[in-house]
C-alpha cells in the first residue's frame with residue numbers, strides 16, 4: 001500500500017500531486033507575465049492564468065475541499081481556503097474585464113499573483129491543507145483521478161466554447177487577445 005501511494009505521488013496521479021502541479025504551472029505563468037513586454041503577450045499569459053485558476057479553484061471547491069472537510073473535520077483550514085478563493089475570483093474578474101492599456105492592469109495581475117502565492121503556501125505548508133489531507137484517510141489516488149477527470153471536462157468546455165461566446169466576449173479578455181493577435 002505504501003508503495004502504491006508513493007508511486008501515485010511520483011506519477012502525479014494523487015490529488016495533491018495534481019493540485020501542486022497546477023500551482024507550479026500558474027507560478028511559471030506569473031513569472032512569464034512579469035517578463036512580458038507586449039500587450040498581446042500579457043493578454044495571452046493573463047488568459048492562461050485566469051483559465052487555469054478558474055478550473056483549479058472549481059475542482060478544489062467541487063471535489064477536494066468537500067472531501068477534505070469530511071475526512072479531517074478541519075473547518076478552519078477549509079473556510080479560510082474558500083474565502084481566499086472568493087477574493088481571488090473577484091480579482092480574476094477585474095483582470096478579465098481590463099487590459100494592458102488600463103493603468104492598473106499590471107498591478108491587478110501582480111496582486112493576484114501575490115494572493116495565489118499566499119494561498120499556495122498555506123495549502124502546501126506543514127500543518128496546511130495538503131499535509132492534513134495526507135494524514136487523513138482520504139483515498140488520494142482515487143480523489144486525484146476524480147479531480148483529473150473534472151479538470152479535463154472543464155478544460156474541454158473552455159476550448160469548445162467559441163471565442164465570441166466566452167466570458168468577456170463583449171470587449172473582454174479573450175476578445176482582446178484575438179484582436180491583439182490580428183494586429
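The values are calculated or read from the model by the stated rules, or taken from the named source; none is laboratory data. The structure presented is a predicted model; accordingly, all values stated were derived computationally and were not measured. Ideal geometry is used to build each Cβ from the backbone, glycine not excepted, and the neighbour counts take in all protein chains shown.
Restricting the range 95-130 to residues that are under 13 Å from the mean Cα position of the chain (by Cα) and in contact (Cβ under 8 Å) with a residue 60 or more places away in the chain, the residue that is surrounded by the fewest Cβ atoms within 10 Å (Cβ to Cβ) is 117. Here residue 96 fulfils each of the conditions (1) assigned to a helix (DSSP H, G or I); (2) modelled with pLDDT of 95 or more apart from (2).
Annotation note: of 51, 76, the sole residue that is crowded, with 18+ Cβ neighbours inside 10 Å and assigned to a helix (DSSP H, G or I) is 51. Any residue that is in a helix (DSSP H, G or I), under 12 Å from residue 109 (Cβ atoms) and under 10 Å from the mean Cα position of the chain (by Cα) - is there at least one of those in the range 27-47? So far as the range 27-47 goes, no, none of its residues is in a helix (DSSP H, G or I), under 12 Å from residue 109 (Cβ atoms) and under 10 Å from the mean Cα position of the chain (by Cα). Listed by position, the helices (runs of 4 or more DSSP H) contained in the range 108-183 that have at least 1 residues being under 15 Å from residue 46 (Cα atoms) and at pLDDT below 55 are 173-181. Can you tell me which residues in the range 61-73 are more than 25 Å from residue 110 (Cβ to Cβ) and in a helix (DSSP H, G or I)? 62, 63, 64, 65, 66, 67, 68, 69, 70, 71, 72, listed by residue number.
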